[in-house]
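For reference, the structure discussed in these notes is given below.
Coordinate-derived values only; no laboratory data. A quick note: this is a predicted structure, and the numbers were derived from the prediction, not measured. Note that each Cβ is placed from the backbone with ideal geometry, even for glycine, and that neighbours are counted across all protein chains shown.
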């Protein structure tokens, strides 16, 4: 399966909607960066792999990693749109290496 073929599955949409019908997701081009959902007491949110989101931006916009990182930091991770804003995961391997 190619990255552009990855979509939010109906099963995922139903599950997230069941857990939190107000949970927000990124546009479909970022579906390949989705790693799951996180639960905290009564809140459930979509979770994305930060590094994969940056890769998508690099490919989509044909920009360097630094430019994609800046776009991600300011426009995606830094864009708080309420309590249902998705979470972004920095994997331990990405932090250490």
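What to note about this one:
- Test: residue in the range 43-66 that is within 12 Å of residue 87 (Cβ to Cβ) and more than 12 Å from the chain's Cα centre (by Cα): yes
- Total residues in the range 72-88 satisfying the condition of being under 16 Å from residue 57 (Cβ atoms) and touching a residue at least 40 places away in the same chain (Cβ under 8 Å): the figure is 3.
- Given (1) within 23 Å of residue 20 (Cα to Cα); (2) surrounded by 11 or more Cβ atoms within 10 Å (Cβ to Cβ), number of the condition residue 58 does not satisfy: (1)
- Residue 81 being out of contact with any strand residue (DSSP E or B) (no Cβ under 8 Å at 6 or more places or on another chain), more than 22 Å from residue 8 (Cβ to Cβ) and surrounded by fewer than 17 Cβ atoms within 10 Å (Cβ to Cβ): no
- Within the range 33-67, tally of residues that are touching a strand residue (DSSP E or B) at 6+ places or on another chain (Cβ under 7 Å) and in a strand (DSSP E or B): 11
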